[in-house]
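One structure is given below, encoded as structure tokens.
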Amino acid sequence: TKIRSKNDLKSLTLPYLGEVPFHSFGKAKGIFARILGREKAGGAEIIVRPGKRDITNEAFRVIRTNIEFMTAKGDRGKVVMLTSFNPNSGKTFVASNLITSFAIKKKRAVAVDLDLRKASLSAMVGKPKIGVSDYLSGVTDNIEDIIVRGQSHEFLDVIPVGTVPPNPTELLFDDRLGELIEYLRDHYEYVFLDCPPVEIVADASIVGRYADMT
């Protein structure tokens with residue numbers, strides 16, 4: 001019921017991009033401190049740094065290189081959707097660090113938090129009050145208004161959730177999502193879509209229509 005190594009994936013035909021070592025949030029004293037550390041980081045603790053050569057940084061570099069290789073064709077920005085099978089599996093941690101690894105390489109990237117229920121990735125920019133849900137619902141028509149520019153890295157922009165909506169799945173069905181992603185394709189080299197787990201809600205399946213790879 002668990003994938004423990006690359007050997008467990010031999011029967012799959014999907015490309016293997018890499019594996020990320022388990023990361024504990026700092027040298028915490030007991031589980032209580034670890035929980036506090038995780039909550040303080042909002043699930044989006046960034047450990048990828050320029051010039052760092054530890055095993056986790058190298059793991060993200062490998063995955064970045066493989067994604068670049070697989071998306072090399074075409075002139076427009078590439079859209080990559082990130083999801084998981086279960087909640088609390090480290091998806092936002094992987095997403096935020098993978099996105100940062102692209103920015104460190106000076107690839108113009110934007111991260112869109114489409115987990116409209118939890119908004120974990122939005123913690124990278126302090127969870128501002130206006131974001132993608134406000135655009136999808138028509139509260140604002142200007143895409144530039146919902147983009148937080150270069151707060152964590154000069155080459156990385158973030159579109160947070162903004163207002164947590166009561167009808168997230170219905171918002172994602174709106175044609176505005178497709179218009180937003182097309183706009184981002186024309187302005188960024190990479191567009192990363194952080195989505196909820198696939199088995200919990202239908203959101204990831206809806207968003208997947210616009211992604212080049214998942």
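How large, in percent, is the carbon and sulfur part of the accessible surface of the chain at a probe radius of 1.4 Å?
54 percent
Net charge within 13 Å of Asn57 by Cβ-Cβ distance, Lys/Arg positive one each and Asp/Glu negative one each, not counting Asn57 itself?
Taking every Cβ under 13 Å from that of Asn57, the sum is +4.
As I understand it, the dipole of segment 143-185 uses +1 on the Cβ of Lys and Arg and -1 on the Cβ of Asp and Glu, about the Cα centre. Which of Pro165, Leu180, Gly150 lies farthest toward its positive end?
Gly150
So which trypsin sites (Lys or Arg not before Pro) in segment 93-177 end up in coil per DSSP with only 10 or fewer other C-beta atoms within 10 Å? Let's see the in-between values first.
Numbers: sites: Lys105, Lys106, Lys107, Arg108, Arg117, Lys118, Lys129, Arg149, Arg176; in loops: Lys105, Lys106, Lys107, Arg108, Arg117, Lys118, Lys129.
Here the trypsin sites (Lys or Arg not before Pro) that fit, given the DSSP loop and packing criteria, are Lys129.
Using only the Cα atoms, what convex hull volume per residue in Å³ does segment 141-185 have?
89 Å³
Quick one: Debye curve from the C-alpha atoms of segment 76-160, no solvent, what's log10 I(q)/I(0) at q = 0.15, 0.22 Å⁻¹?
-0.55, -1.14
How big is the gap, in Å, between the Cα center of segment 138-176 and the Cα center of segment 53-109?
Between the Cα centre of segment 138-176 and that of segment 53-109, the gap is 20 Å.
Would you mind computing Rg(Cα) / (2.2 N^0.38 Å) for segment 45-122, counting N as its residues?
Working: Rg = 13.0 Å, N = 78, 2.2 N^0.38 = 11.5 Å.
Taking N as the residue count of segment 45-122, the ratio is 1.13.
Please get the size of the charge dipole for segment 94-192, origin at its Cα centre, with Cβ charges of +1 on Lys and Arg and -1 on Asp and Glu, quoted in debye to the nearest 20. Working shown, then result.
Details: 11 positive and 15 negative charges, 116 e Å.
For this selection, approximately 560 debye.
Using DSSP, restrict attention to beta bridges with both residues in the chain and report what percent are antiparallel, rounded to the nearest 5.
Rounded to the nearest five, the antiparallel share is 15 percent.
Need one number: convex hull volume per residue for segment 169-212, Cα atoms only, in Å³.
Each residue corresponds to 66 Å³ of Cα convex hull volume.
Sort all Cα-Cα distances of the chain into consecutive 5 angstrom bins from zero, then give the percent of pairs in each bin up to the one containing the longest distance.
The distribution over the chain is 1, 7, 15, 19, 21, 17, 11, 6, 2, 0, given as percents.
So what does log10 I(q)/I(0) come out to for segment 107-214 at q = 0.11, 0.17, 0.23, 0.24 Å⁻¹, using the Debye formula with one equal point on every Cα and no solvent?
For the requested q values the scattering log ratios are -0.29, -0.72, -1.42, -1.56.
Can you work out the accessible area per residue across segment 38-109, with the rest of the protein chains kept in place, probe 1.4 Å, in square angstrom?
53 Å²
Determine, from the Cβ-Cβ distance of Lys129 and Thr169 and an R0 of 25 Å, the FRET efficiency 1/(1 + (r/R0)^6), rounded to the nearest 0.05.
0.70
I need the peptides 186-198, 131-143 ranked by packing, meaning the mean over residues of other C-beta atoms within 10 angstrom, with the highest value on top.
My ranking of the peptides, most packed first, is 186-198, 131-143.
The values are calculated or read from the model by the stated rules, or taken from the named source; none is laboratory data. What you see is a predicted model; the values in this text were computed from it and never measured. Ideal geometry is used to build each Cβ from the backbone, glycine not excepted, and the neighbour counts take in all protein chains shown. The accessibility values were calculated without ligands, DNA or RNA, using every heavy atom of the protein model including side chains. Shrake-Rupley method; radii C 1.70, N 1.55, O 1.52, S 1.80 Å.
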